[in-house]
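Inspection log for the structure reproduced underneath, given as structure tokens.
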Amino acid sequence: MQSKLIIGQRIRRLREAHGYSREQLAEFLNISPRFCYDIELGKKGMSLETLCAFSQALNVSTDYILFGPKQEAANTAEDTDMETFEALIQSCPNDKREHLETIITSYLKALRT
């Protein structure tokens with residue numbers, strides 16, 4: 001399993017991708033903002049119940065929170081950017097991902113012209 005710091009960073013990126021403040025997420029999870037902050041900094045661990053609540057609130061699997069993207073990647077700036085991008089995609093509801101694909105495809109097409 002990855003370190004608490006990496007897991008915390010992943011949770012912070014997901015929270016930010018959803019546009020939640022730490023206080024909003026903490027309220028949704030019924031935890032204190034300080035505890036949420038400590039988790040994001042890797043200072044505290046969390047129970048299985050809290051992990052599942054984060055998973056539900058951030059619309060990602062517990063595996064994603066614990067292990068990140070499925071492919072193993074080196075810790076480069078580009079990999080971090082890709083992880084953030086994947087977190088944004090993961091935050092999109094499944095029934096809206098087709099729309100997201102259309103938007104991205106149209107954007108890339110416009111860049112090429």
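The values are calculated or read from the model by the stated rules, or taken from the named source; none is laboratory data. Predicted model, so just to flag it, every value in this text is computed and none were measured. Because the Cβ atoms are built from the backbone with ideal geometry, glycine has one as well, and the counts that use them run over all protein chains shown. Just the protein is used for accessible areas: all its heavy atoms, side chains included, with ligands, DNA and RNA removed. Shrake-Rupley method; radii C 1.70, N 1.55, O 1.52, S 1.80 Å.
A straight Cα-to-Cα reach below 22 Å connects K70 with the lysines K4, K96, residues fewer than 8 places away in its own chain not being considered. Could you tell me what percent of the accessible area of region 1-67 is made up of carbon and sulfur, with a 1.4 Å probe and every protein chain present? C and S atoms contribute 51 percent here. Per residue, the solvent-accessible area of the chain (1.4 Å probe, heavy atoms of protein chains only, all protein chains present) comes to 68 Å². The listed residues T50, T113, T84, T105 rank as T113, T105, T84, T50 when sorted by accessible area, largest first, using a 1.4 Å probe. Ranking F35, Y64, T50 by how far each Cα lies toward the positive end of the dipole of the chain (charges on Cβ) leaves F35 at the top. Given a Förster distance of 30 Å, report the FRET efficiency between L88 and K43 from their Cβ-Cβ distance, rounded to the nearest 0.05. With a Förster radius of 30 Å, E is 0.70.
Let me have the 222 nm mean residue ellipticity of the chain computed from DSSP H runs of 4+ only, each contributing -39500 (n - 2.57), with the sum over all residues rounded to the nearest 500. Result for the chain: -21500 deg cm²/dmol, rounded to the nearest 500.
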